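Visitor: The following block contains the structure, expressed as structure tokens.
The values are calculated or read from the model by the stated rules, or taken from the named source; none is laboratory data. The model shown is predicted, which means the values in this text are computed figures rather than measured ones. Here the Cβ is made from the backbone with ideal geometry for all residues, glycine too, and neighbour counts use every protein chain on show. Please note that ligands, DNA and RNA were not included when accessible areas were found on the heavy atoms of the full protein model with its side chains. Shrake-Rupley method; radii C 1.70, N 1.55, O 1.52, S 1.80 Å.
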Amino acid sequence: AQGIDPVRYTCACENPDWIEPTGNKHNTVKPVTLMSYLIHLACPKGGLVLDPFVGSGTTCVAAIQGGFRSIGIELDPSYCEIARARCEYTAGQVEPEQPVLEGVTHA
């Protein structure tokens, strides 16, 4: 079958927001803008976003930025700490009346 070889494909994006400049080394980081779009499609205003595989926390970051509450669960303690730090930083950047992080939990 023809198509893109995922092992050899490299991003042709100019300045993708999920690689080295952020220092995030998680292997499947998603763009915050993509996760924000999906959250706004699926979650009611002010709702609760649950990410059972939080990884480096992108979904929770997008939720916090959008004024949603969020809960993240992660099996790997090192990723849990990355997610927690990103969420705490993001929560400090939003207006005080917006909901903030509910928690990032090591499973």
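Visitor: Grab the beta carbon distance between E81 and F53, set R0 = 22 Å, and tell me the FRET efficiency rounded to 0.05.
Guide: E(calc), rounded to 0.05, equals 0.90.
Visitor: Pop out the carbon and sulfur fraction of the accessible area of region 23-72 as a percent, whole number, probe 1.4 Å.
Guide: Ligands and nucleic acids excluded, carbon and sulfur reach 65 percent.
Visitor: Once both labels are modelled 7 Å past Cα along the beta-carbon direction, what's the A42-V94 spacing in nm?
Guide: 1.8 nm
Visitor: While we're looking at this one, here's another question. Collect residues whose amide H, placed 1.01 Å from N in the peptide plane, falls under 5 Å from the amide H of I73; neighbours closer than 5 in sequence don't count.
Guide: Correct list: D51, F53, V54, T105.
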